[in-house]
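The values are calculated or read from the model by the stated rules, or taken from the named source; none is laboratory data. Everything numeric in this text was worked out from a predicted model, so none of it was measured. Quick reminder, even Gly has a Cβ in these numbers, built from the backbone with ideal geometry, and neighbours come from all protein chains shown.
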Amino acid sequence: MLKPIDLMYQTMLAELGQRSLDAAWTADFPPEGRFTPVTVKQRKYWYFDIPDGSGGRTRRYVGPADDPEIAKRVEEFQVQKDDLRARRRIVTTLTREGGMVAPDRMSGDIVEALAAAGLFRLRAVLVGTIAFQTYAGILSVRLPSSVVLTGDVDIAQDFAISHEVHDSLPPIVELLQSIDPSFRAVPHRSGAAASSAFVTSSGYRVEFLTSNRGSDDYTDQPAKMPALGGASADPLRFLDFLIRDPVRTMLLHKSGVPVTVPEPSRYAVHKLIVATRRHNDGQSAIKRDKDIKQAGLLFEALLQTRRASDLALVYNEAWERGPAWQEGIRGGAAMLTNDARDRLSDCLRTGAIEIGEDITMPF
């Protein structure tokens, strides 16, 4: 049985999410800076000091201290900054005492920068293990550290959405290089000039994905994604199922980063399917094993937290999509441990009763 997270910490996570969504930061006055009063010829003026990253600071003129609009901005900034510190304390409590998962610093910094640039406003979805880390908070159970470690960030966006929002991130390479200057575009395996992946000198990877509901001819070609700041995306089968009806939650990094992730039941079913698409050697085999472990843990968590109906609904949706989906589900379920298969079976049977639908078992 997975250890539940205390109600107190669940409440703190909800409060953190609300505070983070309500916070209105401006590009002119980032939270790491501070307003400084300076008296010039017996009159006080406000300046804004920002660390320059080299131990010094840059100073920006704001205006006279007796200007009521400027005084209001300074006052609001202090309230926001105090809230930023309060949110940092909440994040620290949730990760150190509450049993929730914090990302590694690199992953957190990347997601934070992308979020600030508008990634989730543009309806992108965080997928992969970085998304799985957030399920401790969503499902209120403690997840073992062995399945939450990652060395990359995977981001998905629906192809149609990227073409319809008429907005975009800033240039993606510049954005990533603001976190690590060694980020570079990875040449696409198809030989196309476009890139869907970016990597640092140490091997940290950021990859963009999109749904492929069309011809298999698109599978090995990068898709143009106008909303991603010059990045293309790899079209993948089954991804549209994963990112349908995503949920908002918090990545527990610094003062908390509001993110969008797949609904946990969809993530679990999707992992069964994609595990069967991986090879049996090298990194692919390692990823396949992690897919199956993550799916098994989610089946246990969904059953334990009385969310069996959630799983039953999305399972039937996937099953009804046809033979290729059924084959993937059966193949993934066959890789589960005996205990995990039992939990999946119990969860589906319970969920079928709750939703009043028949379910075809995958074994």
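Take the conditions of a type in the set (D, E, K, R), assigned to a loop (DSSP other than H, G, I, E, B) and assigned by TED's automatic domain parsing to the domain that holds Thr210 and apply them to Asp154. Does it pass? Break it down into steps so the answer makes sense when it comes.
Values: of a type in the set (D, E, K, R): yes; assigned to a loop (DSSP other than H, G, I, E, B): no; assigned by TED's automatic domain parsing to the domain that holds Thr210: yes.
The answer is no for Asp154.
The residue that is surrounded by the most Cβ atoms within 10 Å (Cβ to Cβ), counting only those in segment 314-363 that are among the aromatic types (Phe, Trp, Tyr) and without any contact (Cβ under 8 Å) to a residue 60 or more places away in the chain, is Tyr315. Answer yes or no: is there a residue in segment 62-80 that is surrounded by 12 or more Cβ atoms within 10 Å (Cβ to Cβ), among the aliphatic types (A, V, I, L, M), at pLDDT 90 or above and not assigned by TED's automatic domain parsing to the domain that holds Thr249. For segment 62-80, residues surrounded by 12 or more Cβ atoms within 10 Å (Cβ to Cβ), among the aliphatic types (A, V, I, L, M), at pLDDT 90 or above and not assigned by TED's automatic domain parsing to the domain that holds Thr249: absent.
Would you say Ala197 is touching a residue at least 12 places away in the same chain (Cβ under 8 Å) and hydrophobic (A, V, I, L, M, F, W, C)?
yes
Assess whether Thr92 counts as being modelled with pLDDT of 95 or more, surrounded by fewer than 20 Cβ atoms within 10 Å (Cβ to Cβ), out of contact with any helix residue (DSSP H, G or I) (no Cβ under 6 Å at 6 or more places or on another chain) and closer than 25 Å to Lys3 by Cα. Against the criterion (modelled with pLDDT of 95 or more, surrounded by fewer than 20 Cβ atoms within 10 Å (Cβ to Cβ), out of contact with any helix residue (DSSP H, G or I) (no Cβ under 6 Å at 6 or more places or on another chain) and closer than 25 Å to Lys3 by Cα), Thr92 qualifies. Entry remark, segment 295-336: residues being basic (Lys, Arg) and either closer than 21 Å to Lys3 by Cβ or in contact with a Leu (Cβ under 7 Å, 6 or more places away or on another chain) (or both) number 2 in total.
Each residue in segment 46-60 was checked for being aromatic (Phe, Trp, Tyr) and either closer than 18 Å to Ser178 by Cβ or within 34 Å of the chain's Cα centre (by Cα) (or both), and 1 of them qualify.
Out of everything in segment 106-137 that is charged (D, E, K, R) and either in the same structural domain as Leu21 (by TED's automatic domain parsing) or in contact (Cβ under 8 Å) with a residue 60 or more places away in the chain (or both), what residue ends up being nearest to Leu21 (Cα to Cα)?
If we filter segment 106-137 for residues that are charged (D, E, K, R), which is where we start, we get 109, 112, 121, 123.
This time we only want the ones that are either in the same structural domain as Leu21 (by TED's automatic domain parsing) or in contact (Cβ under 8 Å) with a residue 60 or more places away in the chain (or both), so: 109, 112, 123.
Values: Asp109: 18, Glu112: 14, Arg123: 15 Å.
Selected residue: Glu112.
In segment 171-183, the residues that are under 23 Å from Pro226 (Cβ atoms) form Cβ pairs under 6 Å with partners that are part of a loop (DSSP other than H, G, I, E, B) and at pLDDT below 95, at six or more places apart or across chains, as follows: Leu175/Ala117.
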